[in-house]
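The values are calculated or read from the model by the stated rules, or taken from the named source; none is laboratory data. Keep in mind that what you see is a predicted model, and the values were worked out from it rather than measured. Cβ placement follows ideal geometry from the backbone for every residue including glycine, while neighbour counts extend to all protein chains displayed. All accessible areas refer to the heavy atoms of the entire protein, side chains included, with ligands and DNA or RNA removed. Shrake-Rupley method; radii C 1.70, N 1.55, O 1.52, S 1.80 Å.
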Amino acid sequence: MTALTRRGFLQGTAVAAGGLVVGCASPLPPAPLAGKAQVSSFDAWLHITNDDRILLYADKVEMGQGTFTVFATLVAEELEVDPQRIEVRHAPANDAFKQPIQSTGGSASAAGRFIPLRESGARAREMLLAAAAERWDVDVEALRAEDGAVLHDATRRRARYGELAEDAARQKVPREVALKSPEEFRWIGGEFPRVDAAVKARGQATYGIDARVPGLLTAVVVRPPLRGGRVISFDATAATALPGVEAVFEVPTGVAVLATNYWRARKGAALLAAKFELPEGRRYDSAAMRAEHERLLREEDGNELRHDGDVGEALELAPVTLDVEYHTTHQAHATMEPMNCTVVPGEDHVDVYIGTQTPGIVQDVVADILGLSRSQVAVHTEFLGGGFGRRFFPDVPAEAAEVAKRAGAPIKLVYSREDDIANDFYRPATAHRLRGAVDADGHPTAWHHHLVAPSLIKYMVSRMGGAMGPEWLRGTLNALAGAAGSVLPGMLGPVLSHEGAQDQPYAIENVRVASTLWDPDIHVGIWRSVGHSNNGFVVESFIDELAHAAGADPASFRRGLLAEHPRHLAVLDLVVEKSGWGTSRKQNQGIAIYESFGTVMAEVAEVSVRGDEIRVEKVTCAVHCGTAVNPNLVRAQIESGVIYGLTAAIKSQITFRDGMPVESNFHDYPMLRMNEAPQIEVHIVPSNDPPTGVGEPGTPPIAAAVANAVFATTGQRLRELPLRLATTDA
Amino acid sequence: MIEFTLNGEPRAIEIEPETPLLWAIRDELGLTGTKFGCGIGQCGACTIHLDGEPVRGCLTPVSAAAGRAVTTIEGLDPDGEHPLQRAWIELSVPQCGYCQSGQIMSAAALLSGNAAPSDADIDDAMNGNICRCGSYGRIRAAIHRAAALREEEGSA
């Protein structure tokens, strides 16, 4: 049995502000299980057992970006223990972690928790010191905390944190704690290995798809080829005759086949002969979209997002002007772990096992579907086999709850890769008209950017409302969120799709940025770096075009326009130095600088071209992300963001025909592989500023850096993703 | 009844013979370190060894394992201390980690036949394994590191 030191944690709750607890009445989450040990909770995150284990609930999920390691580091720094000693687990879905939704995204985990988690460690340290002072009847000033123990040097007494935890959790919670200054950091800024590396190298890490409970059936769902389609008929006879196929029934999204293993369920699903009625109306088609995008770019003026000076006049007066179009394409997230969710109904509650970016929404959605209160839904977050924004959406747990509701038995819903790609919330395809002017001195005088794009909030917020408020308001809040998702884009334009376009940083006197909302009527969503992933390509390619039009070196040209942006200048200078930019042997380089999620990145790509194949040989990166809590993890995230963006830049795309995605699996939606991966160097600008995001900022500049390098190498300006050279066949 | 050894233990399962080894191992025998990624042999997440040779578990029917030795990530080393696993940890290779069992099994097959692989050898052996987190550079470095660890320990 796990015993809790209840008084301690109630005290902890009252003062454990740090941005965590919304309202002072929020209960703490149940303490983590620790075998027979007694667990003392210091706040919602931090728990210490009487057998000297330190347990930390991470309320930002681990999807590869390193939250477990970073969170352990932040607490350990102030608690005075080795971060490797801290056992990190995913926090359960719990109101204590709402702010206003328990979710992970926006490259905000390290940035948002930098102070609160250090305060958590510092508070616990002070309480442990106070407990020792009381026990030994000495002055607290005579004590010090070191390496997981409290020491009294005068009497050479020493007590491990575990020995003090129960008494410590009863101490008065300090209202304010002093945090270390950067010079005092012992662990922050260090390079020790990831805390989750060992389980992941040994096949011991459990992902959602690895959930195992007694009596579990695997469910696959056969869905209509178009979202919104309806089942007309199916024949379960052949499927249920197969060994191990236990049930076949209709659910709102299609027909579910339940079997004792995945393979049997999949075989059964192939035998249903299901017929569907497909929704009426326009069928989304990539070629038709392209024609429509081009028409809108030429005929519409767009809703103005920004207008400095007089762009029209500047374009008329300039001796050199450019007027070009850029186009981007859909991408699927294609997380390595296909979508899945396990729902285990119990007497008066359910257990949900899932790798999700939104435990709070999962809990609310499953409770809603099963007619339970949120407190009856235990969400067990497992490691995520990739997130990239896909695991923000609650469609999969909703479908799993519908299956479990009818099955009345534990089920694990598993998507095939084909299901995964066909039912994604895709990166939007966007279109951009860029007009620019350069004066006789080579100085840019106008920048006019009109983009056509969908809003990305429609599907993102549709089930968000209910999770934000009390349960009795769920219906109202969901309706409000849904209305906001539908109405706001009409007022504000393509929300999130335009981020990074209107705030491009270059000092140009006349700037106009405008947008036209165009809804493709398919599910679009947030894909690693969201709107920046497309706008990074467009903005950083076009500034390069202006540099060449001005006859200037692209790095120097940018430098001249970034005087007001010291962090941009810092990364620019660093990447120029480290990449050997401008030296005589480097004729194949392209540069891009881009800010997203509070972080400024510069990337220099070096390419080689053989026939019509673009090969990226090397990418040199410079990043300004404030304090690098673990520089090794920062480098890993930038490397990751570069590869993710590069895959979309040169490898793959999702196209639509007759309303359906054409690509279905990795044979026709290819991913960058090891033999195609460039060497990547990441250089970090030293800084003691608060940390900013690193999970996403590596992605936006890479397509432009490569396109700019291709231009330097071949003279071809590629304005469409994925980048394709004109074939040289005569 | 199909019999084979799994990580050195004799196992027998009653199952349709065309069931892919991936699902026999994961769903019937309960070892979940081997991962499902694509089902068509394109991503390598399900890479396991059949008599020491790397195969894709999603395409190999369980009948093909009859009388043979199957090794998964859980059985690569009794203590999880294979030089590759130590190198993976030392260099913080995994990010989300989902593909890494397959990556390590492909790399282990490479190292068993090539004690000091070149970058080109690594490309050839590893380009069937996709990593969406883009850990390729670290995987390459870790394979070199594991080769060096083996060399050091072999000569010690």
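General remarks:
Okay, residues lined up against (1) touching a strand residue (DSSP E or B) at 6+ places or on another chain (Cβ under 6 Å); (2) crowded, with 21+ Cβ neighbours inside 10 Å; (3) not acidic (Asp, Glu):
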| residue | (1), (2), (3) |
| --- | --- |
| A:Val311 | yes, yes, yes |
| A:Pro319 | no, no, yes |
| A:Thr329 | no, yes, yes |
| A:Met336 | no, yes, yes |
| A:Val344 | yes, yes, yes |
| A:Gly355 | yes, yes, yes |
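- Strands (runs of 3 or more DSSP E) enclosed by segment B:1-72 - at least 2 residues per element that are charged (D, E, K, R): B:9-13, B:53-56
- Checking segment A:466-474 against the condition returns a match, with at least one residue being buried (at least 23 other Cβ atoms within 10 Å of the Cβ) and not aliphatic (A, V, I, L, M).
Matching residues to (1) out of contact with any Gly (no Cβ under 9 Å at 6 or more places or on another chain); (2) among the hydroxyl-bearing types (Ser, Thr, Tyr); (3) more than 13 Å from chain A (Cβ to nearest Cβ):
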| site | (1), (2), (3) |
| --- | --- |
| B:Ala65 | yes, no, yes |
| B:Gly75 | no, no, no |
| B:Asp79 | yes, no, no |
| B:Leu84 | yes, no, no |
| B:Leu91 | yes, no, no |
| B:Cys96 | no, no, no |
| B:Ala107 | yes, no, no |
| B:Met126 | no, no, no |
| B:Gly134 | no, no, no |
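- The strands (runs of 3 or more DSSP E) found wholly in segment A:367-454 and carrying at least 3 residues that are modelled with pLDDT of 95 or more and within 14 Å of another protein chain (Cβ to nearest Cβ) occupy A:411-414.
- Residues that are outside any helix (DSSP H, G or I) and aromatic (Phe, Trp, Tyr) within segment A:121-163 are absent altogether.
- Some residue of segment A:179-197 being within 14 Å of another protein chain (Cβ to nearest Cβ), outside any loop (DSSP other than H, G, I, E, B), among the hydrophobic types (A, V, I, L, M, F, W, C) and buried (at least 19 other Cβ atoms within 10 Å of the Cβ): yes
- Search result, residues across segment A:83-112 that are closer than 23 Å to A:Thr699 by Cα and in a helix (DSSP H, G or I): A:Ser109, A:Ala110, A:Ala111, A:Gly112
- The helices (runs of 4 or more DSSP H) found wholly in segment A:461-573 and carrying at least 1 residues that are closer than 13 Å to A:Ile593 by Cβ, touching a strand residue (DSSP E or B) at 6+ places or on another chain (Cβ under 7 Å) and free of Cβ contacts under 8 Å to residues at least 60 places away in the same chain occupy A:554-560.
- Verdict on A:Val623 being buried (at least 24 other Cβ atoms within 10 Å of the Cβ) and either touching a residue at least 12 places away in the same chain (Cβ under 8 Å) or in a helix (DSSP H, G or I) (or both): yes
- Pairs with Cβ under 7 Å, 6+ apart, first in segment A:676-691 and within 17 Å of A:Lys578 (Cβ to Cβ), second open to solvent by 80 Å² or more (accessible area, probe 1.4 Å) and not hydrophobic (A, V, I, L, M, F, W, C): A:Glu681/A:Lys578; A:His683/A:Lys578
Every residue, every condition in (1) in contact (Cβ under 8 Å) with a residue 40 or more places away in the chain; (2) polar (S, T, N, Q); (3) closer than 29 Å to A:Val199 by Cα, yes or no:
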{"position": "A:Phe97", "(1), (2), (3)": "yes, no, yes"}
{"position": "A:Ile115", "(1), (2), (3)": "yes, no, yes"}
{"position": "A:Arg118", "(1), (2), (3)": "yes, no, yes"}
{"position": "A:Arg123", "(1), (2), (3)": "yes, no, no"}
{"position": "A:Ala133", "(1), (2), (3)": "no, no, no"}
{"position": "A:Arg158", "(1), (2), (3)": "no, no, no"}
{"position": "A:Ala165", "(1), (2), (3)": "yes, no, yes"}
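- Only one of the numbered conditions (1) over 30 Å from A:Glu418 (Cβ atoms); (2) surrounded by fewer than 19 Cβ atoms within 10 Å (Cβ to Cβ) is violated by A:Ile232, and that is (1).
Okay, residues lined up against (1) open to solvent by 10 Å² or more (accessible area, probe 1.4 Å); (2) within 11 Å of chain B (Cβ to nearest Cβ); (3) farther than 29 Å from B:Asp119 by Cβ:
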| site | (1), (2), (3) |
| --- | --- |
| A:Tyr644 | no, yes, no |
| A:Asp658 | yes, no, yes |
| A:Arg673 | yes, yes, no |
| A:Arg719 | yes, no, yes |
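- Taking (1) more than 8 Å from chain A (Cβ to nearest Cβ); (2) out of contact with any strand residue (DSSP E or B) (no Cβ under 6 Å at 6 or more places or on another chain) in turn, B:Arg26 satisfies each apart from (1).
Okay, residues lined up against (1) surrounded by fewer than 24 Cβ atoms within 10 Å (Cβ to Cβ); (2) closer than 30 Å to A:Ser541 by Cα:
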| position | (1), (2) |
| --- | --- |
| A:Gly386 | no, yes |
| A:Val396 | no, no |
| A:Ala400 | no, no |
| A:Val403 | no, no |
| A:Ala409 | yes, no |
| A:Lys412 | no, no |
| A:Tyr415 | yes, no |
| A:Asp424 | no, yes |
| A:Thr430 | no, yes |
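- One residue from A:Thr253, A:Thr206 being over 14 Å from A:Leu413 (Cα atoms) and modelled with pLDDT of 95 or more: A:Thr206
- Single match in B:Thr32, B:Thr60, B:Thr71 (criterion: free of Cβ contacts under 8 Å to residues at least 12 places away in the same chain and open to solvent by 10 Å² or more (accessible area, probe 1.4 Å)): B:Thr32
- Among the numbered conditions (1) touching a helix residue (DSSP H, G or I) at 6+ places or on another chain (Cβ under 9 Å); (2) open to solvent by 30 Å² or more (accessible area, probe 1.4 Å); (3) polar (S, T, N, Q), the only one that A:Ser596 does not meet is (2).
- A:Val220 satisfies every condition listed in (1) within 14 Å of another protein chain (Cβ to nearest Cβ); (2) open to solvent by 30 Å² or more (accessible area, probe 1.4 Å) except (2).
- Qualifying position, being charged (D, E, K, R) and at pLDDT 95 or above, among A:Glu299, A:Glu347: A:Glu299
- Filter result (farther than 15 Å from A:Glu540 by Cβ and either aliphatic (A, V, I, L, M) or not in a strand (DSSP E or B) (or both)) within segment A:588-612: A:Asn588, A:Phe597, A:Gly598, A:Val607, A:Val609, A:Gly611, A:Asp612
- Segment A:288-308 - residue that is open to solvent by 60 Å² or more (accessible area, probe 1.4 Å) and touching a residue at least 24 places away in the same chain (Cβ under 8 Å) and, of those, farthest from A:Val257 (Cα to Cα): A:His307
- Residue under evaluation A:Val320, criteria (1) assigned by TED's automatic domain parsing to the domain that holds A:Ala238; (2) in contact with a helix residue (DSSP H, G or I) (Cβ under 8 Å, 6 or more places away or on another chain), criterion not met: (1)
- Condition check for A:Asp235: of a type in the set (Asp, Glu) and at the interface with another protein chain (Cβ under 9 Å from one of its Cβ atoms): no
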